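To start, the structure itself, in structure tokens.
Rule-based calculations on the coordinates, nothing more; no lab input. Computed from a predicted structure; not experimentally measured. Quick reminder, even Gly has a Cβ in these numbers, built from the backbone with ideal geometry, and neighbours come from all protein chains shown.
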Amino acid sequence: MNPKIAELLDRIGQMESEIEQVMKTRRAELQADFEEKRIQFEAEILAQHKRFKTGLLHYMLSANWLSVLTAPVIYSLIFPMLLLDIAVTIYQHICFRAYGITRVVRSDYFVYDRTHLAYLNLIEKINCAYCSYGNGLMSYAREVVARTEQYWCPIKHARKLLVAHPYYTGFVDYGDAEGYQRELENLRAKLAAMGPRDSHK
């Protein structure tokens, strides 16, 4: 990899760590006590949250009619999403084993912590869980596809991508035939050497 690019990627990693530290401090300021996957809010914060909770009946009666009409369309996507989830999981368990690629830990991409928020009613919690599943699934599938691309075709495009996955920066430049022949096995070896929790999320 180009030394300048490697240096920039290292700086990006440092900035991401700093951002996470700031977010961690902010969570502490909100008196949120994170205990592994279980979140407990201090009694004062919990009482405050409950004051902002919208009752189910009021929530349904005051709902925008367009939201009500489009809800079945939104939730109908659960079926193709479930199929995608199953297909991606089966794919990586078969093909990644065959190629020697470290498999993606599916559970790392799904977070359902909003159910602990006392200011959300049941419908809002269901909506949040649905969005968490959809976004988690897309992140999970993207990681599987990104590792597949690094194994089979780690070549940058001639055109700039609107949003590229993080592996893309390490790909060989478009048109660099010699670099492709030289780097392909090295890039594949990196996938095999990854730990089960390693990713570019």
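Structure data summary
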| item | result |
| --- | --- |
| Quotient of C-alpha Rg and 2.2 N^0.38 Å, computed over the range 83-152 | 1.36 |
| Residues Lys4, Lys125, sorted so that the one with the fewest Cβ neighbours within 10 Å comes first | Lys4, Lys125 |
| The range 55-193 shape via C-alpha gyration tensor axes, a/c threshold 1.5 | prolate |
| Flagged links, alpha-carbon separation over 27 Å, of Lys4/Lys156; Lys125/Lys160; Lys24/Lys156; Lys4/Lys160; Lys24/Lys160 | Lys125/Lys160; Lys24/Lys156; Lys24/Lys160 |
| Length-normalised contact order for the range 55-193 - Cα pairs under 8 Å, 6+ apart - percent | 23 percent |
| Neighbour-count order for Arg27, Arg142, fewest beta carbons within 10 angstrom listed first | Arg27, Arg142 |
| For the range 121-163 and the range 90-116, distance of Cα centres in Å | 12 Å |
| Alpha carbon convex hull of the range 112-159, projected area averaged over orientations, nm² | 4.8 nm² |
| Likely footprinting exposure, Lys160, Lys190, Lys24, fewest C-beta neighbours within 10 Å first | Lys160, Lys24, Lys190 |
